[in-house]
Amino acid sequence: MKDIFKLDGKVAIVNGGAGGIGEVLSMGLSIHGATVVISDLNQEATEKTAQKIKSETNGEVIGLAANVTDEKSVEDLMQTVLKKYGKLDIVINAMGVNLKRDAFDYPMEDWDKIFNVNVKGTMIACKMAGRVMREQKQGSIINLSSVRGQRGYTGGNTGYCATKGAVEMITKALALEWAADNIRVNALGPALIITPGTQHIADNPELAKKYAQAVPMGRIGQTKDLVGACVFLASEASSFMTGQTLFVDGGLTAG
Ligand SMILES: NC(=O)c1ccc[n+]([C@@H]2O[C@H](COP(=O)([O-])OP(=O)(O)OC[C@H]3O[C@@H](n4cnc5c(N)ncnc54)[C@H](OP(=O)(O)O)[C@@H]3O)[C@@H](O)[C@H]2O)c1
């Protein structure tokens, strides 16, 4: 049997690819043989991340800025990738924002901002990728949900939880709509993962202990914990799987 986890010859776009999780998932795809396009808001950040990954994996990695909330921007990204590489096999939607606000006073402009990136952005990125993949009759899309798409959470997370619930339903609905075109749509559902944006939690022993104790495996997640599940969903290893969220959460959602 051939190595069904291999991504040799596959072309991937990672939206939010210069972010904490996006960078490590991009590294994982590159290590497993994929050509990787790091896409994010800031062109310099995409190039810097691409260079960093390339220097470690020696793979084909480039940076191309795009804004997932802007259809034209994502369409241009797809066209540039198609022109350069001739196809698109994998899209990871690893962009996202959280604006923690007290629910009694939740400013609706912040609600709109978080929905704009997490929900509308995910739909635009899926829609544009889906159009390309429909022509090819194959493709794998992986959205970043969260344990907070399954479970309510205190601390001003109403908006974030609602967006991740929506990401899960976008994932399921598109999986059904596009199954006949052989486009698979799945999601990753991480628990808290230490990235530059959440490093302050790891640096605060009391807070870190609180988060770790809530996880059955007794620790906080690291970005590398997500790579195996991502490569699995991107590769032939998951060829009969669509519409699922894989929770990488140390057992958190099992209870
Ligand atoms: N870290 C965790 O604990 C955790 C847990 C569960 C789920 N997640 C989810 O995993 C994903 C990645 O999280 P992360 O921790 O890696 O966050 P991150 O480090 O903040 O990375 C997110 C990236 O998305 C980019 N971005 C924001 N708006 C965008 C837009 N409109 N178009 C394109 N890119 C955009 C950001 O760019 P700028 O920095 O320039 O704004 C950033 O580079 C998110 O969906 C998050 O909700 C994270």
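The values are calculated or read from the model by the stated rules, or taken from the named source; none is laboratory data. Note that the coordinates shown come from a computational prediction; the quantities given were computed from them, not determined experimentally. Glycine also receives a Cβ, built like all others from the backbone with ideal geometry; neighbour counts cover every protein chain displayed.
If you go through segment 44-76 and keep only what is under 24 Å from Ser235 (Cα atoms), within 10 Å of the ligand (Cβ to nearest atom), in a helix (DSSP H, G or I) and aliphatic (A, V, I, L, M), you end up with just Val74. Restrict the check to segment 26-43 and report whether at least one residue is acidic (Asp, Glu), crowded, with 16+ Cβ neighbours inside 10 Å, within 10 Å of the ligand (Cβ to nearest atom) and not in a strand (DSSP E or B). Taking every residue of segment 26-43 in turn, none turns out to be acidic (Asp, Glu), crowded, with 16+ Cβ neighbours inside 10 Å, within 10 Å of the ligand (Cβ to nearest atom) and not in a strand (DSSP E or B). Which one of Val167, Val185 is part of a strand (DSSP E or B) and either within 14 Å of the ligand (Cβ to nearest atom) or in contact with a strand residue (DSSP E or B) (Cβ under 7 Å, 6 or more places away or on another chain) (or both)? After ruling out the rest, the residue left standing is Val185.
Tallying residues that are within 16 Å of the ligand (Cβ to nearest atom) and surrounded by fewer than 16 Cβ atoms within 10 Å (Cβ to Cβ) within segment 84-98 yields 0.
A residue that is modelled with pLDDT of 95 or more, assigned to a helix (DSSP H, G or I) and surrounded by 14 or more Cβ atoms within 10 Å (Cβ to Cβ) occurs somewhere in segment 191-204. Among residues of segment 31-45 that are on the phi > 0 side of the Ramachandran plot, those with a Cβ under 8 angstrom from a residue that is of a type outside the set (Phe, Trp, Tyr), sequence gap 6+ or separate chain, pair up as Gly33/Lys6; Gly33/Leu7; Gly33/Asp8; Gly33/Gly9; Gly33/Lys10; Gly33/Gly59.
Please determine, by comparing only the residues of segment 241-255 that are among the β-branched types (Val, Ile, Thr) and either under 15 Å from the mean Cα position of the chain (by Cα) or not in a loop (DSSP other than H, G, I, E, B) (or both), which one is surrounded by the fewest Cβ atoms within 10 Å (Cβ to Cβ).
As a first pass, look at segment 241-255 and keep what is among the β-branched types (Val, Ile, Thr): 242, 245, 248, 253.
With either under 15 Å from the mean Cα position of the chain (by Cα) or not in a loop (DSSP other than H, G, I, E, B) (or both) added as a condition, the list becomes 245, 248, 253.
Numbers: Thr245: 24, Val248: 20, Thr253: 16.
Per the criteria, the residue is Thr253.
Looking only at segment 220-235, which residues are surrounded by 15 or more Cβ atoms within 10 Å (Cβ to Cβ) and outside any strand (DSSP E or B)? Show your work before the answer.
Filtering segment 220-235 for residues surrounded by 15 or more Cβ atoms within 10 Å (Cβ to Cβ) gives 220-221, 223, 225-227, 229-235.
Answer for segment 220-235, where residues must be surrounded by 15 or more Cβ atoms within 10 Å (Cβ to Cβ) and outside any strand (DSSP E or B): Ile220, Thr223, Asp225, Leu226, Val227, Ala229, Cys230, Val231, Phe232, Leu233, Ala234, Ser235.
If you go through segment 130-148 and pick out every residue that is within 14 Å of the ligand (Cβ to nearest atom) and more than 12 Å from the chain's Cα centre (by Cα), you end up with 2.
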